[in-house]
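To keep things clear, I will list the structure first and then write my remarks on it.
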Amino acid sequence: MQTLQYQGLKVIAETNHLLEDNLVVEAPLQININQESYTVVMRTPGNDFQLITGLLFAEDIYKKNTPISFDIVKKENNINAIINVTISKNDLGKGYLNKRTLLSVSSCGICGKKELNHLKVEGKYLNNKQQFNLLEVSKMMEAMHKNQKVFEKTGGLHAASIFNHQKELLTVKEDIGRHNAVDKVIGDLLTTDALQEAKYLVVSGRVSYEIVTKAFIAKIPVIIAVSACSSLAVDFAKEFGICLVGFTRDDKMTIYSNPEYFKNIQYV
């Protein structure tokens, strides 16, 4: 269940009428690790295991290839409300020590961080340069849009998609939260052991620091966004070796970092 019908009053100029509108479901999911509460995320129900897998990967809590053990502890209205993840203490990454103590809302990826120094991300500069042109970017964007099934009904969901070196779609997921959608697609490829094929992350909204760091941790060298990019996102993209593209609409886009990824670049 990702949508519910609500009654609304549609107003157009001097006229109005009642209608039944499809709205996106937003519901809390409590994530426990070894029977202890870790965080609560607001998300669109569906692909919960992939969401958790991607989140734990990004948070440096669990990065092994072996499957994670999930247990649904509680359901409410047929929606997962509490899921427990069992991970051996020896397999818990250092990110577990940075235990989230706040509600992680759907629009915020760092709300649960305790200290500013937890924003630091370690890793090697990404040197895997992908080459692309505007037509290829447009085709990837179109492929994502075609798979935004719930967005077509509601207009209220973000999407994230991942493409391989040949610009072929590997996975696409939707969620009310931008960061949740990214966690879902990364988690999806982790569960199928295909994350190493990920070369392009395409997102339907804006890009902030959190999405850049998630891509960096997953070693995805190109991020393409429909909307704007924050200053910190650009700063981190430059530091990480990520090509960051924003305002990708129609026949336009803006490359904010590492423009050498773009084919036949010409400065005028």
request  = With a 1.4 Å probe and every protein chain left in place, work out the accessible area per residue of the range 188-252 in Å², rounded to a whole number.
outcome  = 36
message = At 7 Å along Cα-to-Cβ for each site, give me the label-to-label distance between Ala194 and Leu18 in nm.
response = 4.6
query = In nm, what is the difference between 0.36 nm times the number of residues separating Glu76 and Asn128 and their Cα-Cα distance?
reply = 14.3 nm
message = For semi-axes √(5λ) of the Cα gyration tensor in Å, one of (i) 51, 19, 17; (ii) 32, 20, 19; (iii) 29, 27, 16 was computed from the structure I shared and the rest are decoys. Which label?
response = (iii)
Spacing of the two label points (7 Å from each Cα toward its C-beta) at Thr3 and Lys252, in nm = 3.0
query = If you take the beta carbon distance between His145 and Thr66 as r and set R0 to 30 Å, what does 1/(1 + (r/R0)^6) give as a FRET efficiency, to the nearest 0.05?
reply = 0.30
Globularity index of the range 135-240, i.e. its alpha-carbon radius of gyration over 2.2 N^0.38 Å = 0.98
request  = Compute the accessible area per residue over the range 1-80, keeping the other protein chains in place, probe 1.4 Å, unit Å².
outcome  = 58
key: Percent carbon-and-sulfur accessible area, the chain, ignoring ligands, DNA and RNA, probe 1.4 Å   = 51
query = So what J values fall out for the range 58-75 if you push phi through Karplus, 6.51 cos²θ - 1.76 cosθ + 1.60 with θ = phi - 60°, rounded to Hz, Gly and Pro as x?
reply = 5, 8, 6, 9, 8, 10, 6, 7, 5, x, 8, 8, 10, 9, 7, 7, 8, 10
inquiry  = From the helices alone, meaning DSSP H stretches of at least four residues, give me the mean residue ellipticity at 222 nm for the chain, per-run term -39500 (n - 2.57), in deg cm²/dmol to the nearest 500.
reply    = -7000 deg cm²/dmol
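The values are calculated or read from the model by the stated rules, or taken from the named source; none is laboratory data. Computed from a predicted structure; not experimentally measured. So basically every Cβ, Gly included, is an ideal-geometry build from the backbone, and we count neighbours across all protein chains shown. Note: accessible area is taken over every heavy atom of the protein model, side chains too, but ligands, DNA and RNA are not part of it. Shrake-Rupley method; radii C 1.70, N 1.55, O 1.52, S 1.80 Å.
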